[in-house]
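Read the structure below first, then the notes.
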Amino acid sequence: GCILDGKLYPFGEIARTDNCFRCSCSQDAMRCCSLFHTPVGYDKDKCKVVFNKKSCNYDVVQKSDPSKECFVSSRV
């Protein structure tokens, strides 16, 4: 298998790792890509970015009230 962040994964396709990556594990290498996109278009003065491990995505919430989401115009 392959080891990623101290955890052993079996050969083949891994749909989702503990750290929110999709990977392919072979005898030669382990190739991974993220399941999340980083928000870039939002009000940085009023809002902050918080990683949501359950949904494997970044939430953008108000600094003054984190229970309220902010509008995000673009992600990369």
Inset, instruction - State the label only: which of (i) 24, 13, 11; (ii) 33, 12, 8; (iii) 18, 16, 9 corresponds to semi-axes √(5λ) of the Cα gyration tensor in Å computed from the shown model? - result: (ii)
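Per residue, how many Å² of accessible area does the stretch 22-76 show with a 1.4 Å probe? Don't jump to the answer; show the numbers that get you there.
Working: 3970 Å² over 55 residues.
That works out to 72 Å² per residue.
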Inset, instruction - Search the structure for amide H atoms under 5 Å from the amide H of Cys47, placed 1.01 Å from N in the peptide plane, and list their residues when 5 or more places away or on another chain. - result: Lys63
Inset, instruction - Find how many whole Å separate the alpha carbon centroid of the stretch 52-70 from the alpha carbon centroid of the stretch 1-35. - result: 27 Å
Inset, instruction - Hey, can you grab everything whose amide H is under 5 Å from the amide H of Tyr9? Only 5+ residues off in sequence or another chain; H modelled, so Pro and N-termini drop out. - result: Cys2, Ile3, Leu4
Legend entry - With DNA, RNA and ligands ignored, accessible area of Val40 (1.4 Å probe; Å², nearest 10): 60 Å²
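On the protein heavy atoms, probe 1.4 angstrom, tell me the percent of accessible surface of the chain carried by carbon and sulfur. If you can, show how the numbers build up before the last one.
Working: 2740 of 5430 Å².
Carbon and sulfur atoms account for 50 percent of the accessible area of the chain.
May I ask you to list the trypsin sites (Lys or Arg not before Pro) in the chain that are in a DSSP loop and have at most 13 other Cβ atoms within 10 Å of their Cβ?
Working: sites: Lys7, Arg16, Arg22, Arg31, Lys44, Lys46, Lys48, Lys53, Lys54, Lys63, Lys68, Arg75; in loops: Arg16, Lys44, Lys46, Lys53, Lys54, Lys63, Lys68.
Filter output for the chain: Arg16, Lys44, Lys46, Lys53, Lys54, Lys63, Lys68.
The values are calculated or read from the model by the stated rules, or taken from the named source; none is laboratory data. Please read these numbers as outputs of a predicted model, since none were measured by experiment. Neighbour counts run over all protein chains shown; Cβ positions are idealised from the backbone, glycine included. Ligands, DNA and RNA are excluded from the accessible area calculation, which covers all protein heavy atoms including side chains. Shrake-Rupley method; radii C 1.70, N 1.55, O 1.52, S 1.80 Å.
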